[in-house]
Amino acid sequence: MPPRDIDTSRRPFVLVWELTQACELACKHCRAEAQPRRHPDELTTEEGKELLDEARAFGENQLVVLSGGDPLYRDDALELIEYGVDRGLRMTLTPSGTASLTPERIDAVADAGLRRLALSLDGASPEAHDGFRKEDGSFRQTVDAARAARDAGLPLQINTTVCAETVEQLPRIRDLVEDLDAVLWSVFFLVPVGRGQVLDPIPPERADRVMEWLVEVSDEADFGIKTTEAPQYRRVAMQQQRSGTEKPDRDGVGRRTGITAGDGFAFVSHTGELYPSGFLPEPAGNVRAESLVGLYRDSPLFESLRDPDALQGKCGACEFRNVCGGSRSRAYATTGDPLESDPLCPYVPEGYDGPLPDGTPAD
């Protein structure tokens with residue numbers, strides 16, 4: 001089935017499995033609040049293989065992202081990649097940029113059939129990136145790994161966090177993404193969870209301006225662009241009368257637009273909890289005890305997140321709710337209710353006179 005034809009009420013486009021929360025880094029924005037030690041109750045290798053078998057039950061070519069922490073902290077990561085590939089899954093990996101990510105390990109995951117490697121760059125220089133990641137040498141190690149992926153013929157994705165500390169770096173990071181021959185730039189707008197609670201987000205009006213710039217970059221660049229936890233990018237693109245497409249011909253996995261927490265996206269934690277997103281840690285159940293497929297399709301939490309008419313506040317009144325819907329993760333993080341309005345979006349629907357996300361009344 002072509003990715004753009006996926007019915008997201010029946011299967012996620014993206015299924016993320018957090019193999020572990022262990023990592024050598026202590027990044028300022030880390031959702032997982034990663035630490036050096038692995039959790040004793042992580043899904044075992046056999047439980048992980050059962051999870052991948054169930055993921056295959058969603059349908060042909062299910063996309064699975066092995067995440068963390070640092071997924072390569074587990075010595076069975078390569079075995080799990082090979083197992084997923086053998087089951088017909090499209091396996092991708094988001095390792096940390098550390099000295100352990102050697103060219104030999106990159107060659108090994110490429111030979112195992114990995115479809116893409118995703119690396120994070122939150123600054124365009126060692127000073128900026130290493131300061132954000134709180135680890136000297138991380139920038140150089142990440143860039144070296146990106147070049148090793150290119151040499152191995154492995155499609156590369158670059159992930160970047162947007163917050164007050166990083167936003168001025170974006171134009172230079174964009175150039176670096178191009179220089180590294182990445183196929184996709186995933187631009188993540190900060191959600192205040194985990195360590196990210198201590199970071200300052202950019203103001204809503206600034207977020208719209210950044211997205212207007214991203215639409216221009218998308219028109220010009222050879223790589224694709226997607227925003228994470230910022231579905232208002234689609235509203236901004238529509239208002240500029242552009243598609244905001246993600247160049248699926250170069251994307252490598254045929255990513256489509258319109259993916260939000262619980263609606264085309266699902267996240268399995270290191271201990272088996274199923275969340276709509278890693279940034280929306282409200283469990284629908286645990287895959288150790290319940291069916292992954294059944295939880296995604298039928299749990300009340302996931303069903304509510306797929307219903308644009310269930311949205312509240314100005315998101316519920318917005319004419320763009322069917323193509324945007326706001327970040328459910330950010331709404332949850334700031335209000336405790338995943339159906340409330342997204343405070344990053346400055347747009348107020350015409351005629352809306354209810355409360356705004358900051359508590360002030362609409363004009």
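The values are calculated or read from the model by the stated rules, or taken from the named source; none is laboratory data. This one's a predicted model, so the numbers in the text were calculated from it and none came from an experiment. All Cβ positions, even for glycine, are placed from backbone atoms using ideal geometry, and neighbour counts span all protein chains on display.
Quick one: is L301 at pLDDT 95 or above, surrounded by fewer than 23 Cβ atoms within 10 Å (Cβ to Cβ) and not in a loop (DSSP other than H, G, I, E, B)?
Values: at pLDDT 95 or above: yes; surrounded by fewer than 23 Cβ atoms within 10 Å (Cβ to Cβ): yes; not in a loop (DSSP other than H, G, I, E, B): yes.
So L301 fits the description; yes.
Residue under question is T257, and the condition is that it be of a type in the set (S, T, N, Q), out of contact with any helix residue (DSSP H, G or I) (no Cβ under 7 Å at 6 or more places or on another chain) and either modelled with pLDDT of 95 or more or closer than 21 Å to P231 by Cα (or both); does it hold? Don't jump to the end; show me each part of the working.
Values: of a type in the set (S, T, N, Q): yes; out of contact with any helix residue (DSSP H, G or I) (no Cβ under 7 Å at 6 or more places or on another chain): no; either modelled with pLDDT of 95 or more or closer than 21 Å to P231 by Cα (or both): yes.
In short, no.
Looking at (1) charged (D, E, K, R); (2) over 30 Å from R306 (Cα atoms); (3) modelled with pLDDT of 95 or more, which one does R38 not meet, given that it meets all the others?
Single failed check for R38: (3).
Within the range 34-86, track down each residue that is in contact with a helix residue (DSSP H, G or I) (Cβ under 7 Å, 6 or more places away or on another chain), hydrophobic (A, V, I, L, M, F, W, C) and part of a loop (DSSP other than H, G, I, E, B).
L43, A57, F58
This table checks each residue for (1) within 25 Å of Q239 (Cβ to Cβ); (2) touching a strand residue (DSSP E or B) at 6+ places or on another chain (Cβ under 7 Å); (3) small (G, A, S).
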site	(1), (2), (3)
V293	no, no, no
D307	yes, no, no
C318	yes, no, no
V323	yes, no, no
S341	yes, no, yes
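I want to confirm something. Restricting to the range 221-251 and keeping residues that are at positive phi and buried (at least 19 other Cβ atoms within 10 Å of the Cβ), which single residue is modelled with the lowest pLDDT?
First pass over the range 221-251, keeping only residues at positive phi: 229, 241, 244, 247.
After this cut, where a residue has to be buried (at least 19 other Cβ atoms within 10 Å of the Cβ) as well, the list is 229, 244.
Numbers: E229: 95, G244: 45.
Per the stated criteria, the residue is G244.
I'd like the full set of residues that are small (G, A, S), within 20 Å of the chain's Cα centre (by Cα) and surrounded by fewer than 19 Cβ atoms within 10 Å (Cβ to Cβ), limited to the range 126-182.
A164
Please give the number of the condition F267 fails out of (1) under 23 Å from T227 (Cβ atoms); (2) outside any helix (DSSP H, G or I); (3) touching a helix residue (DSSP H, G or I) at 6+ places or on another chain (Cβ under 7 Å).
Going through the list (1) under 23 Å from T227 (Cβ atoms); (2) outside any helix (DSSP H, G or I); (3) touching a helix residue (DSSP H, G or I) at 6+ places or on another chain (Cβ under 7 Å), F267 breaks only (3).
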